[in-house]
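J.: Let me give you the structure first, and then I'll get to my questions.
The values are calculated or read from the model by the stated rules, or taken from the named source; none is laboratory data. This one's a predicted model, so the numbers in the text were calculated from it and none came from an experiment. Cβ placement follows ideal geometry from the backbone for every residue including glycine, while neighbour counts extend to all protein chains displayed. Please note that ligands, DNA and RNA were not included when accessible areas were found on the heavy atoms of the full protein model with its side chains. Shrake-Rupley method; radii C 1.70, N 1.55, O 1.52, S 1.80 Å.
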Amino acid sequence: MLLHGFLEAVWFLLPAGVANMAPVFAARLLPGLDWPVDLGCIVRGQRLFGSHKTWRGLVVGITAAAAVFALQQVVFAQSPAIRAYSVIDYGGQSWLLGAWMGAAALIGDLVKSAFKRRGGIAPGRPWFPFDQIDWLLGLVLLTYPVVGLSALFALEVIGVGLVLHVVAHFLGYLLRLNASAI
Ligand code: CTP
Ligand code: MG
């Protein structure tokens, strides 16, 4: 039962999780394309989002999420076992929902950065637990009108996503992709 809930959350989280990680790899591969989302805009002495939030990250993250969702649709159509772990009907949705899941996660990340900047926290400095749950809050809140998750499953998604984020971020730290361990 516990394992079933965990796997259900992981399967649901895949597009958003990939969207949240993709910008880190994109920054490594395309370091020159770092146009900031806020276009350098300053609000009360601080950048709106900061130099670490780029259009490159948004485009690559949203595209990756749409691609992952499209793959999930193929697997959903072919595997009854996977259907048992699906809280949404992947067959009845467009790949655009995957793009929206990625956008939702990255909008959550952007809003979090705006709060960090208002609090005078420099880009890249840790802000626990908001750096870990920003993408989950974005995902749950912004996809609610389309997928209508139950409150219990939304909490499950946030809990599982938090654990996955901490583990993935620590692995990234060991691989020198992230500057901080958390
Ligand atoms: N990134 C990006 N564009 C985005 C989001 C992230 O290019 N929209 C890249 C940046 O290279 C960033 C890295 O992914 O440094 C890690 O992202 P994240 O941890 O979300 O940002 P922080 O560096 O912690 O910056 P902030 O303090 O604004 O959260
Ligand atoms: Mg960060």
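J.: Could you order His165, His52 by accessible surface area, starting with the largest, using a probe radius of 1.4 Å?
T.: Result, largest first: His52, His165.
J.: So which trypsin sites (Lys or Arg not before Pro) in the range 32-130 pass both tests, a DSSP loop state and at most 15 other Cβ atoms within 10 Å of the Cβ?
T.: Counting only loop positions with at most 15 other Cβ atoms within 10 Å, the trypsin sites (Lys or Arg not before Pro) in the range 32-130 are Arg44.
J.: Can I ask one more? For the chain, what does the helix formula give at 222 nm: sum of -39500 (n - 2.57) over DSSP H segments with n ≥ 4, over the residue count, nearest 500 deg cm²/dmol?
T.: Calculated mean residue ellipticity at 222 nm is -23000 deg cm²/dmol.
J.: To test your reading of the geometry: what angle, between 0 and 90 degrees and rounded to tens, separates the Cα axis of helix 130-147 from the longest principal axis of the chain?
T.: Roughly 50 degrees, rounded to the nearest 10.
J.: Further question on the same structure: Give the relative contact order (percent, whole number) for the range 6-94; include only Cα pairs under 8 Å separated by 6+ residues.
T.: Answer for the range 6-94 is 36 percent.
J.: If you don't mind, there's one more thing I want to ask. Order the following by accessible area, largest value first: Val74, Val60. Probe radius 1.4 Å; ligands, DNA and RNA are ignored.
T.: Most to least solvent-accessible, the answer reads Val74, Val60.
J.: Please give the residues of the range 1-36, grouped as numeric ranges, whose backbone N is less than 16 Å from a label point set 7 Å along the Cα-to-Cβ vector of Asp89.
T.: Correct set: none at all.
J.: From zero outward in steps of 5 Å, how is the percent of C-alpha pairs of the chain spread across the bins?
T.: With 5 Å bins starting at 0, P(r) equals 1, 9, 16, 20, 21, 15, 10, 6, 2, 1, 0.
J.: Still on this structure, I have one more. So what is the relative contact order for the chain, in percent, with contacts set as C-alpha pairs under 8 Å and at least six apart?
T.: 25
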